[in-house]
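Since every read-out is calculated from the coordinates, none of them should be taken as a lab result. Here the structure is a predicted model, which means the values were calculated and not measured. Ideal geometry is used to build each Cβ from the backbone, glycine not excepted, and the neighbour counts take in all protein chains shown.
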Amino acid sequence: MLNNEIVNYIKSELVKGEGKQQITDSLIKAGWQNNDVQEAFNSLSAPASPIATSPQSTSEIVTEKNYPITKLWIFKAPIIIIVISIVALLFGYYFPYLLIALPIYLIANPLIRANFHYSTEEKFFDVRQGVFSKKQRHLPYGVIQNVLVKQDWFDRIFGLASFSVENASQGGGKGFFGGSKSFRLGGTYQQQGESVGSSGNKVNIPGLKKKDAEAIKLVLLQKMKENPIEDSQSGL
């Protein structure tokens, strides 16, 4: 007989990004019979692969609590700075400004991560950010043009990815220092050309686990289908 308790547990674990084998092992260790577990899986129409682990219903709100920016992201820029500095020293070069930037990143990154929030609301993709100056944006799903999952060399090594959204509006933004390397604690923050949050016509969420970035992409694509553009909608 189908056990709803097992079914509900499986659904909650799929949302978190767990695979079928991991969920099965956990249930068996908890005392459930393998036949009951397999019956529960068979009752679910959604596949249990890690990439297809978006919520069963798009009415369920996804936030940074479901798919957070990893703590490893905090150390991404410092690690890159250290590697570049070591390589430069081997060739007889010295870049003191890199070492000056190192503690700044170590202080700024945790603050930015702690104050960045996003959620997939019914009609809007909401983003809240900023340490000193708070910024909030409600992006209608209908105006979203591109949904991307990107990886640089660091991300590929550590299994991370950046999730980005581009909409039809135009705009841009620079931090206090300008260019691609900037610190903006009051709004968008960028490190090594990698923005965090809303800037211009883009929203970027770096430092995600690869499977989490893919899961958010699936959610946004479905939301875009369910919420076509309306004349009254605005991304501002």
Handout entry: Label-point separation in nm, V7 to R128, each point 7 Å along Cα→Cβ
Key = 3.5
Practice task
Sticking with the crude label model, points 7 Å out along Cα→Cβ, report the distance from F75 to I100 in nm, one decimal please.
Solution key: 2.6
Handout entry: Computed FRET value (nearest 0.05) for F91 with K65, which takes r as the C-beta separation and R₀ as 30 Å
Key = 0.10
Fill in the blank from the handout: Simple spin-label estimate for H117/D25, 7 Å along Cα→Cβ, in nm, reads 3.5
Problem - When each of K123/K150; K65/K210; K20/K65; K11/K202 is checked by Cα-Cα distance, pairs over 20 Å - result: K123/K150; K20/K65; K11/K202
Handout entry: Sorted by Cβ neighbour density within 10 Å, fewest at the top, the residues E18, E64
Key = E64, E18
Completion exercise
Taking r as the C-beta separation of D36 and K225 and R0 as 30 Å, the FRET efficiency to the nearest 0.05 is 0.30
Practice task
Specify whether the C-alpha gyration tensor of region 53-149 places it in the rounded, prolate or oblate class, a ≥ b ≥ c being the square roots of the eigenvalues: rounded for a/c under 1.5, otherwise prolate if a/b is larger than b/c and oblate if not.
Solution key: prolate
Exercise for the section: Could you sort 84-92, 129-137 so that the peptide with the highest average Cβ count within 10 Å comes first and the rest follow in order? Expected result: 129-137, 84-92
